[in-house]
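Notes to accompany the following structure.
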Amino acid sequence: MADGDFNPSRRRLFTRRARDPVRPPWARLARFTELCTRCDKCREACPEGIVARGDGGFPEVDFRLGECSFCHACAEVCPVEGLFAPPQRTPWTIQARIGDGCLTRAGVYCESCRDSCAPRAIQFELALRSVPRPRVDTAACTGCGGCVASCPAGAISIGATSIGEGHG
Ligand code: SF4
Ligand code: SF4
Ligand code: SF4
């Protein structure tokens, strides 16, 4: 293909991020990068230490560092009016996903993630001629991220669900 045939939609395909960043809970996502001043106050306020400085200096939750306790401190300390929703709203719609790297898919016995989940949203189902496999109960999963660091294979990710993209 000649240079003049550059196709921007193909470029987007190649440059698109592998995953969308997880903003702090209750963040209104639609205008987040437009309104956030990158002041770092939410990162400093998080008692769990899970808010990291992400791409462009915008805050992102990194569940490898721990889980969200839904304390609302990040939202309360934010100086930008309206960037976060009040605590009575749903904090986010993200949930745990168990990927193909799960050891049980290779026939290895592992139930590490089960006990890390306080709401008991990870259940193990018996499988014929195989080790029990985990399944996330989407009605119970809060997206807290507590299971992420517990997985020795790094097979658990937290991402958007089909319910929606969180606060607009
Ligand atoms: S709600 Fe609390 S624990 Fe969760 S990211 Fe915000 S400050 Fe951290
Ligand atoms: S901890 Fe990871 S490898 Fe183990 S069962 Fe859970 S998802 Fe699979
Ligand atoms: S994200 Fe939290 S509630 Fe959901 S499965 Fe993991 S530990 Fe359980």
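Since every read-out is calculated from the coordinates, none of them should be taken as a lab result. Bear in mind the structure is a predicted one, so any value in this text is a computation, not a measurement. As a convention, Cβ positions derive from the backbone with ideal geometry for all residues, glycine included, and neighbour counts pool all protein chains shown.
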Once the principal axes of the Cα atoms of region 93-168 are found, what is the range along each, listed largest first in whole angstroms?
45, 22, 22
Calculate the FRET efficiency for Arg19 and Thr93 from the Cβ-Cβ distance with a Förster distance of 22 Å, rounded to the nearest 0.05.
0.90
